[in-house]
Amino acid sequence: MIKNTIVNELIESGFFSVMCDEARCFRQEQMSICVRYTKNLKVYERFLGFIDVSENQNADALATAMVSFFEINKINVPIVAQAYDGANVMSGKFNGVQQKIKSKYPYAVYTHCMAHRINLIVLDMCKLVKDTRIVFNCLETLYVYFSHPANDAKFTEIQVKLGIKKTSLTRLSDTRWNCRVRNCVAVKLNFKAIVTLLNDEINSSINKDVVQAIGIMTIITKPSFIVNLIILEEVLQIINILSTQLQKKDATLGNAVTLIEGVIKTFESLRTEDGFHNIWEKIINFTKINNIIPDFPGPNSKTSKRQRQSTSNLEDFHVFATTSSEQQNQNKFNQYTESYWRTHFYQIIDTLIIHFNKRFSSNSLELATSIDYFHKMNYYESQCFIEQYKDLLNVDVNTLQSEMLVVKNCVSLRNPSFTLEDIKLIMDAELYPNLYKLLSLSLTIPISSATCERSFSAMRKIKNWLRTSMNHDRFTNLSLIYIERDLSNELCNEKILDKFAISKRRFQL
């Protein structure tokens, strides 16, 4: 009954978008099928089921499985968009799943999941900037160390003594999008508790874990770790705002463009001396609060390496170039100054900006930008979107232009800086038929496949290690009931019983 409700709403809307992703569950490859459609200009993203694709995971097999799934469920309305991750088998321009689906549904525009793209930008930054990799490797080591029950119990006890809010460290994962920022925040807030526990472990030297504790303590008290931790927290907090917005079910492609451009401009504005100076003050305050006295060597400090002396032959001359000894001492001094770390900060920001512009290029966002202008009732700037779907919806372009002009003027009278929600309030399907259809379609285009990722979280709750032999139909039906709880809670029990009573329950022996 839940599936019939979703299918009926989907068919009533006249078109829909498809989102899918794959995950392994107890030696089976499961593909999650989710759909996106509108009902009275309200966006819905629904889970339809899992498909077992264990036999083959090439593009032909996956595309055939999707088409067969729609045919079995009698979904015969056109697909207008599709959203997958960036794997070659899904995103291939010539032989990928997106091209196979497009050959059957020619208006199905492919969108590379924007939430996945954000995650790839962070991974690219970690690959190119060595210090960030060291920080995240250390955070992973901290998680492993405090995952031991004894260490975790001591950690909780120290948190209570210091009056710190109880928080736990989480495992880093390439597919868990916000785990990095959460770990950076957790380590920053619990830094004093972590240092206290490690010092106690080192001083007691009871077990072999003391070697690991010494290694962690050495790394986290280095100036480079502290600086990079604070910088990464600031950077990832900004990225997390965008990532969270892109994972929302009601997020639209037009709003996504505005937010992406805003994040890029935010990073560009941070790339100034004043922008880094504010972060540098936070770093200094952090060292004071946690009673850290980092070793900031000056040009005359003693180090283990032999100091180079200037040649005595140059004492009576004015030297206009830097000698090797002066260069060595100057480098040691600059390593711990604000100017040195500002350059490092610029490297991280530049890497992010370059990859943001690469992953979200103007070509890849052409349709999204056009939809953004369409939501602002700008007819001429939204031609890309209108031309893409006008034949599918039988839109009269001249009438559409008039409708957009009237709606824009009506909404501007109420609110000169109107939004999409203001347009929805006055939208009437009978009064503005062309505009209504295109507006519904613009809301149907997905920006991410986050709904599929959520279904995988449910998958591991339903099919756990005690239920590995569960029949696939039972598994996907239980998943549907659990994931679409809002629909199952609205169903009338009497209707369910009546449906069950008239069904054939006898099995052929």
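Solvent-accessible area of residue 499, all protein chains in place: 110 Å² (probe radius 1.4 Å, heavy atoms, ligands and nucleic acids excluded). With the gyration tensor restricted to C-alpha atoms of region 1-135, the semi-axes of the equivalent ellipsoid amount to 29, 18, 15 Å, longest first. Computed over protein heavy atoms with a 1.4 Å probe, the carbon and sulfur contribution to the accessible area of region 430-509 reaches 54%. Phi angles of region 220-230 translate, via the Karplus equation with coefficients 6.51, -1.76, 1.60 and θ = phi - 60°, into HN-Hα couplings of 6, 9, 6, x, 5, 5, 5, 4, 5, 4, 5 Hz per residue; Gly and Pro are given as x. Plainly put, region 420-494 has a radius of gyration that is 1.19 times its Kirkwood radius, both from alpha-carbon atoms, as the Rg/Rh ratio.
Two decimals is fine: what is log10 I(q)/I(0) at q = 0.12, 0.15 Å⁻¹ for region 374-509, from a Debye sum with one equal scatterer on every Cα and no solvent? Those come out to -0.75, -0.86, one per q. Between helix 493-502 and the chain there is an angle of about 60 degrees, using the helix long axis and the longest principal axis of the Cα atoms.
Dividing the Cα radius of gyration of region 348-435 by its Kirkwood radius returns 1.10 for Rg/Rh. Can you work out the base-10 log of I(q)/I(0) for region 206-299 at q = 0.14, 0.15, 0.18, 0.24 1/Å, using the Debye formula on its C-alpha atoms alone? So the normalised log intensities work out to -0.73, -0.78, -0.92, -1.20.
Each 10 Å bin from 0 upward holds the following percent of the Cα-Cα pairs of region 454-509: 20, 38, 33, 9. Per residue, the accessible area of the chain comes to 54 Å², computed with a 1.4 Å probe over protein heavy atoms only. Enumerate the residues in region 1-29 having an amide nitrogen under 17 Å from the point lying 7 Å beyond the Cα of residue 471 toward its Cβ. Zone members listed by number: 1. Per-atom-type breakdown for region 56-144 gives carbon and sulfur 53% of the accessible area (1.4 Å probe, protein chains only).
Segment residue 489..residue 162, full-extension length gain: 113.3 nm, with 0.36 nm per residue of separation and the alpha-carbon distance subtracted. Calculated FRET efficiency, residue 363 to residue 127, Cβ-Cβ distance, R0 = 22 Å: about 0.35 to the nearest 0.05.
Length, then width, then depth: along the principal axes, the Cα atoms of the chain run 97, 64, 45 Å.
Only bridges whose two residues both fall in the chain count here: according to DSSP, what percent of them are antiparallel, nearest 5? So the antiparallel bridges amount to about 70 percent of the total. Compared with the alpha-carbon gap, the fully stretched path from residue 272 to residue 205 is longer by 19.5 nm at 0.36 nm per residue.
The values are calculated or read from the model by the stated rules, or taken from the named source; none is laboratory data. Source: prediction; values computed, not measured. Note: ideal-geometry Cβ built from the backbone for every residue, glycine included; neighbour counts use all protein chains shown. Please note that ligands, DNA and RNA were not included when accessible areas were found on the heavy atoms of the full protein model with its side chains. Shrake-Rupley method; radii C 1.70, N 1.55, O 1.52, S 1.80 Å.
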